[in-house]
Amino acid sequence: MNKILFSSASLILAVLFIPITLTFAEDLKPIQLLKPQVDRGRPLMQVLKDRSSSRSFRSEKLPLQVISNLLWAAFGINRPDTGKRTAPSAVNWQEIDIYIAMAEGLYLYDAKTHILKPVLSADIRAMTGRQEFVKDAPVNLIYVADFSRMGTATKEDKDLYSAADTGFIGQNVYLYCASEGLATVVRGSIDRQALAKAMKLRPEQKIILAQSVGYPKK
Ligand SMILES: Cc1cc2nc3c(=O)[nH]c(=O)nc-3n(C[C@H](O)[C@H](O)[C@H](O)COP(=O)(O)O)c2cc1C
């Protein structure tokens, strides 16, 4: 009898604790980002003076306008006639995708339409890094290289150029954050295998770095 009770309880617990990452994006809607405010921002030299890494975040969400500005600054299209971006990329491959993990779910930034496309309706922020604070940051950006966009480059070149291209994007985010008084840190300490699985990435997609963004804890 006890055994039956124990098995039933285990089953109920197992059902209750099915990882939330099993939830798909059906109930998440695309988010139309707002036009980036290109007339904002502090002088570049002052921003460079303030650029720094910070690992302490308030949980307060970022307004849509701030997320819109942040993503455009990171790797938005700044020359619509050519489709070129705010960060350079080797051979103009534009192989880096920015995923954004927030409490409500995971989205993919589509620079062409300036839309956040739903990927997963689960809070995977805690999985975006091995450090405690990542679950507190309202936004964790995940920089993912799509090797299938890098032509016939060797594996070594794909690794090298996608890492370099990510660095430029990360620095754009650092500069935007310094300009707006936001806290940020770029991060390599990630369980990439677990995160790629949670994000349901294809084999040719490779997680390069992540970057937390939020309001600084006072
Ligand atoms: C490629 C790269 C990976 C990094 N990975 C981490 C990380 O996993 N966790 C972390 O807290 N900081 C990480 N950082 C941030 C560095 O620790 C930080 O930039 C360095 O200490 C210098 O501090 P500053 O950015 O304030 O100048 C990383 C920086 C880079 C460039």
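Summarised in one figure, the compactness ratio Rg/Rh of segment 93-206, Cα atoms and Kirkwood Rh, is 0.95. In summary, the convex hull built on the alpha carbon positions of the chain has an orientation-averaged projected area of 15.0 nm². Packing, as the average of other Cβ atoms within 10 Å across residues, places the peptides 139-150, 47-58 in the order 139-150, 47-58, highest first. In the full protein context, the chain carries 54 Å² of accessible surface per residue, based on a 1.4 Å probe and ignoring ligands, DNA and RNA.
Starting from the Cα gyration tensor of segment 77-125, take the square roots of the eigenvalues, sort them a ≥ b ≥ c, and report rounded, prolate or oblate (rounded when a/c is under 1.5, otherwise prolate if a/b is larger than b/c, else oblate). Since a/c reaches 1.5 and a/b is larger than b/c, the shape of segment 77-125 is classed as prolate.
Hydrophobic, long helices, defined as DSSP H runs whose alpha-carbon span along the helix axis is 20 Å or greater and whose mean Kyte-Doolittle value is at least 0.5, occur in the chain at 2-16. The slack between Ala163 and Lys200, meaning 0.36 nm per residue of separation minus the straight C-alpha distance, is 11.2 nm. Annotation: for a label point projected 7 angstrom from Cα along Cα→Cβ of Ser54, residues of segment 182-214 with backbone N closer than 14 Å are 182-186, 212-214. When the helices of the chain are scored as -39500 (n - 2.57) per DSSP H run of n ≥ 4 and the total is divided over every residue, the value at 222 nm lands at -10000 deg cm²/dmol.
Think of the chain as a dipole: +1 on every Lys or Arg Cβ, -1 on every Asp or Glu Cβ, centred on the Cα centre; then among Ile100, Gln171, Gly76, Gln171 lies furthest on the positive end.
Computed over segment 92-218, relative contact order equals 30 percent, with contacts defined as Cα pairs under 8 Å that lie 6+ residues apart. Using a 1.4 Å probe on the protein chains only, how many percent of the accessible area of segment 52-192 belongs to carbon and sulfur? About 54 percent, which is the carbon plus sulfur part of the accessible surface. Where does the charge balance sit around Lys158 when Lys and Arg score +1, Asp and Glu -1, over other residues with C-beta under 14 Å from its C-beta? Every neighbour counted, the sum reads -4.
The values are calculated or read from the model by the stated rules, or taken from the named source; none is laboratory data. Model, not experiment: these values are computed from the prediction. Methodologically, a virtual Cβ is constructed for each residue, glycine included, from the backbone with ideal geometry; neighbour enumeration extends over all protein chains shown. We work out accessible area using only protein heavy atoms, side chains counted, and drop any ligands, DNA or RNA first. Shrake-Rupley method; radii C 1.70, N 1.55, O 1.52, S 1.80 Å.
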